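A short worksheet on the structure shown next.
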Amino acid sequence: MSRRRALTLAAAAVLAAPLAVAVPAPAGAAGQYTVTELKFTVPAGGRNCTVDADLYRPAGVDAAHPAPAVLSTNGFGGSKSDGSTAAVGKAFAERGYVALVYSGLGFGRSGCLISLDDPGTDGKAASGLVDFLAGERAADDGTTADYVTADGAGDPRVGMIGGSYGGAVQLATAAVDHRVDALVPMITWHDLAYSLDPNNAADRSVPGAAKWQWMNGFYLIGEGQPLLVPNLDPSRVNRLGCLHFVTKACETIRTLNSGRYPADRTKALQEYARGVSPVSYLHKVKAPTLLVQGQADTLFNLNEAEATYRTLTAQGTPAKMIWQSWGHSGGVRDAAAGELNLDEGNLETSYVGRRILAWFDRYLHKKKGVDTGPAFAYHRDWIGDPDRTYATASQVPPRNRTLYLSGDGKLVDSRAEVARGSREYRNRLVPTSHSESSLAGLIGLPDPAPYDTKGTYLDWTTEPLTQAMDVVGAPRATLKVTSPRTERVQHSGDAADKLVLFAKLYDVAPDGKKTLVHRLVSPVRVPDVTKPFTVSLPGIVHRYEKGHRLRFVVAASDGAYLGNEGVKPVTVTSAPQDTGVLDLPVVRHGRHR
């Protein structure tokens, strides 16, 4: 059985498993809150959509004693009843907030098609729920809310929190509804064109290498909704070529799976994927935003959060950013000790949880004296004490150490140390490097250690480090390659004929054991092999211990991605004044708290 087929069947097994269902608390349980199931019919994307929601109302909250509200929805494939989604309602209701938790469009028992957090559809649907919290709209059964703190007529005090698919929808909502007062998007995307088809070269007009494992796993989850929800709402069925996604989403998946990128399809793919992504509408987002991104995340890496953060702060939107330990690659069950786990409700006892509570205190309770923390914080997995794992900074560290790619396979500190030399690798018609099986962590399957096959990659390695080196942020490489076969076809009109390569960083221990940090790689479709090009590697937070070596690898393929069409041999030549460089963001001393 092929690896791709095995992973697809594994994803199907996930669909067949029942979702965890949270049992609503009875009215007045422990004197804390009540839970009421509500249905809403809201306009979204040119049609009316049913939204299935649960309203968590703290005891004692009424028109005379209003409280701010928190709005939240599920990650992709989930619903309002997921453990982590329902836990948001419980956690914030216990802390005095009115919480409205709902199933996103196309999931659970909400209607309409899956539209990938499109602001004009998913954002508008969430805005309809804000209308309810404002007292301007009743639920379908006539239930109204007149007990949410208001900043003015029709303007409720409301924040949003959620992860992944439930993260991007916050930005989409804030872009179409400026009544939203605070956002906490977690482990989510900036640009789906990059997330699903990353090209880490500077020229983003050139498509990248499709993440076929992640992409088809989620596609299967979306198309498999009848297995999860019997008697599906008819509004959730698309009769124009796919079952449960909007048509343009299906066309995007088909283009990516084809591996071909003619100009017209590439333009349509990128316009759609970016059009439903924060990259296209962040200029409309004014709500204060606390971004939380995962270091262990090959789906939405740290670079995505950094791009959102830089855009928001540049336009004057209040924003701060935290890089926590866990993300999609393994999930919260693999989180380091002391990390936020909403299933457990450990807000007060985790660094990220305390930052979230402070964020809502500041922007929902309007406590101006509350310290919302530093601009940037990051988790250090080499610190054993859970109370000291986060270091803080005023900004993401700059790239401040440069290494040079020597012709003898060494990474050296100066051009004078570069040896002249040329080396070649060539791809094969099947993948010869392995970084990850993307769905393995989510479904609990073992994943082989990363490897590269001799002759299909090149590497450059430092001498053993004389002291520990902490890398915090996204390294960058500038490369020049020679590939005559690619040069002959790269301007064919189909970007698939351009060269694809994969850059990555290993940590090599004194005993030779190699670690690919969080299994992260950087796919590149080279815009033009006759010219130097720059590669942004995925952001990492990693300590290279004393005695370890840093190894930079350029590989011909990776099993988690679609790659080269045909065999394209590649030569890399080095000389002291003409060689590739690797720039690292190295932190010398970090404060911690």
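For segment 80-102, the tally of residues that are in contact with a Gly (Cβ under 8 Å, 6 or more places away or on another chain) and more than 17 Å from residue 57 (Cβ to Cβ) stands at 4. Just one of the listed residues (44, 87) is of a type in the set (A, V, I, L, M) and under 21 Å from residue 272 (Cβ atoms), and it is 44.
Cβ separations smaller than 8 Å between residues 6+ apart or across chains give the following pairs from segment 153-171 residues that are modelled with pLDDT of 95 or more and in a loop (DSSP other than H, G, I, E, B) to residues that are surrounded by fewer than 24 Cβ atoms within 10 Å (Cβ to Cβ) and of a type in the set (Gly, Ala, Ser): 154/134; 154/135; 157/150; 164/75.
Can you tell me which residue is surrounded by the fewest Cβ atoms within 10 Å (Cβ to Cβ) among those in segment 379-433 that are among the acidic types (Asp, Glu) and within 30 Å of residue 293 (Cα to Cα)?
Residues of segment 379-433 that are among the acidic types (Asp, Glu), as a first pass: 381, 385, 387, 408, 413, 417, 424.
Keeping just the survivors that are within 30 Å of residue 293 (Cα to Cα) gives 381, 385, 387.
Working: 381: 14, 385: 9, 387: 11.
Only one residue tops the list, namely 385.
For segment 523-532, which positions are assigned to a strand (DSSP E or B) and in contact with an Asp or Glu (Cβ under 8 Å, 6 or more places away or on another chain)? Working first, answer last.
Here is the first cut: in segment 523-532, the ones assigned to a strand (DSSP E or B) are 523-525.
Selection gives 523 alone.
Pairs meeting the criteria (first residue in segment 229-247 and of a type in the set (S, T, N, Q), second residue at pLDDT below 80, beta carbons under 8 Å, at least 6 apart or on different chains) are 247/238; 247/240; 247/241. Annotation: of all residues in segment 124-171 being charged (D, E, K, R) and within 21 Å of residue 286 (Cα to Cα), the one that is surrounded by the most Cβ atoms within 10 Å (Cβ to Cβ) is 157. Against the numbered list (1) closer than 30 Å to residue 145 by Cβ; (2) aliphatic (A, V, I, L, M); (3) crowded, with 23+ Cβ neighbours inside 10 Å; (4) in contact with a helix residue (DSSP H, G or I) (Cβ under 7 Å, 6 or more places away or on another chain), residue 174 comes up short only at (4).
Quick check on segment 404-433: of everything there that is hydrophobic (A, V, I, L, M, F, W, C) and either in contact with a Pro (Cβ under 8 Å, 6 or more places away or on another chain) or under 24 Å from residue 450 (Cα atoms) (or both), which residue is modelled with the lowest pLDDT?
Among those that are hydrophobic (A, V, I, L, M, F, W, C) and either in contact with a Pro (Cβ under 8 Å, 6 or more places away or on another chain) or under 24 Å from residue 450 (Cα atoms) (or both), it is 429.
One residue stands out in segment 436-452 among those that are assigned to a loop (DSSP other than H, G, I, E, B) and buried (at least 16 other Cβ atoms within 10 Å of the Cβ): the one that is modelled with the lowest pLDDT, namely 439.
When segment 49-77 is filtered for residues that are in contact (Cβ under 8 Å) with a residue 60 or more places away in the chain and under 21 Å from residue 106 (Cα atoms), the ones remaining, listed by number, are 49, 50, 51, 53, 55, 71, 72, 73, 74, 75, 76, 77.
Using the structure shown, decide if residue 252 is surrounded by 23 or more Cβ atoms within 10 Å (Cβ to Cβ), hydroxyl-bearing (Ser, Thr, Tyr) and either assigned by TED's automatic domain parsing to the domain that holds residue 77 or not in a helix (DSSP H, G or I) (or both). For residue 252, the condition - surrounded by 23 or more Cβ atoms within 10 Å (Cβ to Cβ), hydroxyl-bearing (Ser, Thr, Tyr) and either assigned by TED's automatic domain parsing to the domain that holds residue 77 or not in a helix (DSSP H, G or I) (or both) - is not met. Candidates in segment 255-289 are the residues that are in a loop (DSSP other than H, G, I, E, B) and of a type in the set (Val, Ile, Thr); of these, the one that is farthest from residue 350 (Cα to Cα) is 276.
One line per residue, one yes/no per condition, for (1) among the polar types (S, T, N, Q); (2) out of contact with any strand residue (DSSP E or B) (no Cβ under 6 Å at 6 or more places or on another chain); (3) over 20 Å from residue 181 (Cβ atoms):
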site: 112; (1), (2), (3): no, no, yes
site: 115; (1), (2), (3): yes, yes, yes
site: 124; (1), (2), (3): no, no, no
site: 134; (1), (2), (3): no, no, no
site: 144; (1), (2), (3): yes, yes, yes
site: 148; (1), (2), (3): no, no, no
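Based on this model, can you work out whether residue 561 counts as hydroxyl-bearing (Ser, Thr, Tyr), in contact (Cβ under 8 Å) with a residue 40 or more places away in the chain and in a loop (DSSP other than H, G, I, E, B)?
Working: hydroxyl-bearing (Ser, Thr, Tyr): yes; in contact (Cβ under 8 Å) with a residue 40 or more places away in the chain: yes; in a loop (DSSP other than H, G, I, E, B): yes.
The answer is yes for residue 561.
Among the residues of segment 513-520, not a single one is part of a strand (DSSP E or B) and closer than 17 Å to residue 431 by Cα. Among the residues making up segment 70-92, a single one is within 17 Å of residue 33 (Cα to Cα) and in contact with a Lys or Arg (Cβ under 7 Å, 6 or more places away or on another chain): 86.
With respect to residue 242, determine if the residue is part of a loop (DSSP other than H, G, I, E, B) and either at pLDDT 95 or above or out of contact with any strand residue (DSSP E or B) (no Cβ under 9 Å at 6 or more places or on another chain) (or both). Can you show your working first?
On the way: part of a loop (DSSP other than H, G, I, E, B): yes; either at pLDDT 95 or above or out of contact with any strand residue (DSSP E or B) (no Cβ under 9 Å at 6 or more places or on another chain) (or both): yes.
Yes.
Put simply, of 332, 292, 279 the only residue that is closer than 24 Å to residue 82 by Cβ, surrounded by fewer than 24 Cβ atoms within 10 Å (Cβ to Cβ) and not aromatic (Phe, Trp, Tyr) is 332. Per the listing 214, 189, the residue uniquely part of a helix (DSSP H, G or I) and either at pLDDT 95 or above or aromatic (Phe, Trp, Tyr) (or both) is 214.
Do any strands (runs of 3 or more DSSP E) entirely within segment 1-96 hold 1 or more residues that are at pLDDT below 90, and if so, which?
Working: elements: 33-44, 47-58, 69-73.
Here the list is empty.
Considering segment 93-115 alone, what residues qualify as being more than 19 Å from residue 38 (Cβ to Cβ) and out of contact with any Phe, Trp or Tyr (no Cβ under 8 Å at 6 or more places or on another chain)? 95, 96, listed by residue number.
The rows are residues; the columns are (1) assigned to a strand (DSSP E or B); (2) touching a helix residue (DSSP H, G or I) at 6+ places or on another chain (Cβ under 8 Å); (3) over 17 Å from residue 55 (Cβ atoms); (4) assigned by TED's automatic domain parsing to the domain that holds residue 358.
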{"residue": "99", "(1), (2), (3), (4)": "yes, yes, no, yes"}
{"residue": "108", "(1), (2), (3), (4)": "no, no, no, yes"}
{"residue": "111", "(1), (2), (3), (4)": "no, yes, yes, yes"}
{"residue": "123", "(1), (2), (3), (4)": "no, yes, yes, yes"}
{"residue": "136", "(1), (2), (3), (4)": "no, no, no, yes"}
{"residue": "142", "(1), (2), (3), (4)": "no, no, no, yes"}
{"residue": "146", "(1), (2), (3), (4)": "no, no, no, yes"}
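When we screen 501, 505 for residues that are within 27 Å of residue 464 (Cβ to Cβ) and part of a strand (DSSP E or B), the only hit is 505.
Anything in segment 481-513 that is farther than 21 Å from residue 562 by Cα, crowded, with 18+ Cβ neighbours inside 10 Å and either β-branched (Val, Ile, Thr) or at pLDDT below 95 (or both)? List them, or say none. Hit for segment 481-513 is 508, nothing else.
In contact with a His (Cβ under 9 Å, 6 or more places away or on another chain), at pLDDT 95 or above and not hydrophobic (A, V, I, L, M, F, W, C) - does that describe any residue in segment 127-150? There is at least one residue in segment 127-150 that is in contact with a His (Cβ under 9 Å, 6 or more places away or on another chain), at pLDDT 95 or above and not hydrophobic (A, V, I, L, M, F, W, C).
The values are calculated or read from the model by the stated rules, or taken from the named source; none is laboratory data. Computed from a prediction, not measured in an experiment: that's the story for all the values here. No Cβ is skipped: glycine too gets one built from the backbone with ideal geometry, and neighbour counts run over all protein chains shown.
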